[in-house]
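Notes to accompany the following structure.
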Amino acid sequence: MTTWTIDGGTPLIGSARLSGAKNSITKLLMLSMLTGDPCIFTNVPEVGDSQITLDLCRALGAHYARLAPHQLQIQTRQVKSSEVPYELATRNRLAVMTIPALLHRTGRAIVPAAAGGDKIGPRPVDFHLEGYQRMGARVDIHDGVYDVRADKLRGADLLLPYPSVTTTENLLMGAVLAKGRTFIHNAAIEPEVIDLVMCLQKMGAIIDYNTDRTYVIEGVESLTGVAHEVLPDRIVAASLACAAVATQGDVLVMGARQADMVTFLNTIRRVGGRFEVHKEGIRFFYDQPLCSIAIETNVHPGFMTDWQAPFVVLMTQAKGMSVVHETVFENRFGYVSELQKMGADIALYDSCLGGSACRFHFSNYRHSCVIKGPTPLHGADMAVPDLRAGFTYLIAAILAKGRSTIHNVEQIERGYEGLKNTLISLGARIQEGI
Ligand code: EPU
C-alpha cells in the first residue's frame, strides 16, 4: 500500500499535459482482438488500467510491444483461450468486454462473474448479457462464470434500459461482425464511445448513428488493423480544473478539448471559476469568490458522474448551499465521510434533491448531497476507496491547512498518469511515505 504525506495550503500553478483517456484505451485494446492484424495506438495513457488490460489481452493470445512512450502495437494472430483467467478478471471491471472478440474468434467466452474495480454501486452486467442473448448467443451462468456461446452472432433490435457506456461499447463490438443489421436504441453517446465507433469505422465496420441515441450497425465479414490516437482524458482534465480553482490556483491543462467538456465548463463558469480556451488546452483559474449551485450528474451531454467527486470538494469552498444529485451510480458519495472529518459541511440524503426523480428514487441509496460553504479544511489521515474519490482526497489535502496522509494511493494511479510529479510540478508539497 502506497502512502503519501501532503502538506496543504498551496495553490496549484503551472501547466500539466493531459494523458489519453483510460476509459478509451482499455476498450480499444479489447477491440484490437477482433482482428488478427496489428493495431497501433498512440497517446496511450501509462496508467494501471492500461497495463491490467494489456495483461488480460496477453493471457488470451495478444502480443504487444511499446514502440515509443505512449505508443504501442498490439496483435492477436490467434486467440489461445476462450476463458478469462479469474485473477485477471478481478483487477478491474473490463473482463466482460472480452466477449465480442472471444465469441467472434472462438465461438465461446467464459468470463468470471467476480469483477473488480470501484465499489460505486452494484454495477451489474445484465444489459451486456441480454444484448448478446438477443443477438443469438446462449448465455449460461454457472460455477461463478458467464458462459457465452455463439457460432455466429446475428443482427438484432436492441433497446438498452439505460444508456450504459460499456454496454453500448460491448454490443457495438459484437454487432460489427454479426450477420445482418443491429439497432442499439437508447445507447450511450459519450465522446469515448463515439471515438470507438471512429476506430471501428477505420477497421472496416459500417456504423451509422442518429441524434436519438440509436446506432445502426451493418455486420461485415472481417475487420483490419488500425492506427488510432487515444482521445484526451476529460475526467483527468476536470479533476485538474477543480484542483486549480479549489486551491485558488491557475493551471493550463494542455490537450484538454472544449467540445468534450461543454457542460463542465458551463458549470465552472456558473460557480464563478474561470477558464480560457487556448489552442494548446484550457486554462483554469481562480480570481473571485465562488458561489453555490445545484447540479445533477447524467449521461452525456450531461454533467459526468466522474466529475462529481472533485466538484464536491470544490463546492466546499463556495459560498452558500450547493446541491449535488448523483443519478448514474447509486453509491458514489463514499468519500464524503473523510471530507467531513476534514471539516467539510456535507449532508447526504436518499431522496432526489434539486432535480427530477431518478432511477434511485425508491431506494435507500444516499445519492444526493448538500454542501454548505465555504469551510476551511484541515489535514486528515485517509484511505482511498476508489479512483475518483482518491483524486478528491488529494485536492482536499492540497487545499487544507496542515498535514494529511493518504493511503492506498495506487488506486488513484490506476487512472492518473504521472500523478505525483504532475502535482509536485504544480506546487503541491507531496512526499511518499509517512
Ligand atoms: N448498468 C446496469 N446493467 C448493466 C450495465 C450498467 O444496471 O449491464 C447500470 C450501472 O449499474 C449504472 C448505469 O447503468 O448505474 C451506468 O453504468 P455504465 O454502464 O454507463 O457505466 P460503466 O460502463 O460501468 C463507465 C466508466 C465509468 C464511468 C461510467 C459513466 C469505464 C471502464 N468505466 O462505467 O468510469 O463512471 O461509464 O460514464 O469506461 C472511472 O473511470 O472511474 C469510472 C468509474
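The values are calculated or read from the model by the stated rules, or taken from the named source; none is laboratory data. Values in this document were obtained by computation on a predicted structure and should not be read as measured data. Cβ sites come from the backbone with ideal geometry, for glycine too, and all protein chains shown count toward neighbours.
Annotations
- Residue match in region 301-317 (condition: part of a strand (DSSP E or B) and either of a type in the set (A, V, I, L, M, F, W, C) or more than 21 Å from K401 (Cα to Cα) (or both)): yes
- Taking region 118-169 as the region of interest, the strands (runs of 3 or more DSSP E) fully inside it that hold 2 or more residues being within 17 Å of M97 (Cβ to Cβ) and within 16 Å of the ligand (Cβ to nearest atom) are 145-149.
- Consider region 42-81 and keep the residues that are modelled with pLDDT under 95 and of a type in the set (A, V, I, L, M). The one that is surrounded by the most Cβ atoms within 10 Å (Cβ to Cβ) is V47.
- Matching entry among E46, E87 (being touching an Asp or Glu at 6+ places or on another chain (Cβ under 9 Å) and either within 16 Å of the ligand (Cβ to nearest atom) or more than 30 Å from H378 (Cα to Cα) (or both)): E46
- Residue in region 394-405 that is within 19 Å of V323 (Cβ to Cβ) and buried (at least 22 other Cβ atoms within 10 Å of the Cβ) present: no
- Failed condition for L102, given (1) more than 16 Å from the ligand (Cβ to nearest atom); (2) part of a loop (DSSP other than H, G, I, E, B); (3) touching a residue at least 40 places away in the same chain (Cβ under 8 Å): (2)
- Only listed residue being within 16 Å of the ligand (Cβ to nearest atom), small (G, A, S) and closer than 19 Å to A241 by Cα, chosen from A318, A309: A309
- Residue within region 195-216 that is within 16 Å of the ligand (Cβ to nearest atom) and small (G, A, S) present: no
- Flag if A227 is surrounded by fewer than 20 Cβ atoms within 10 Å (Cβ to Cβ), farther than 20 Å from N170 by Cβ and in contact (Cβ under 8 Å) with a residue 60 or more places away in the chain: yes
- Applying a threshold of 8 Å to beta carbon distances and a minimum spacing of six or more residues, or different chains, the list of pairs starting in region 371-391 at a residue that is within 18 Å of G8 (Cα to Cα) and in a loop (DSSP other than H, G, I, E, B) and ending at one that is among the hydrophobic types (A, V, I, L, M, F, W, C) and within 12 Å of the ligand (Cβ to nearest atom) reads V384/I412.
- Evaluation of L240 against (1) within 16 Å of the ligand (Cβ to nearest atom); (2) surrounded by fewer than 19 Cβ atoms within 10 Å (Cβ to Cβ) (one fails), failing number: (2)
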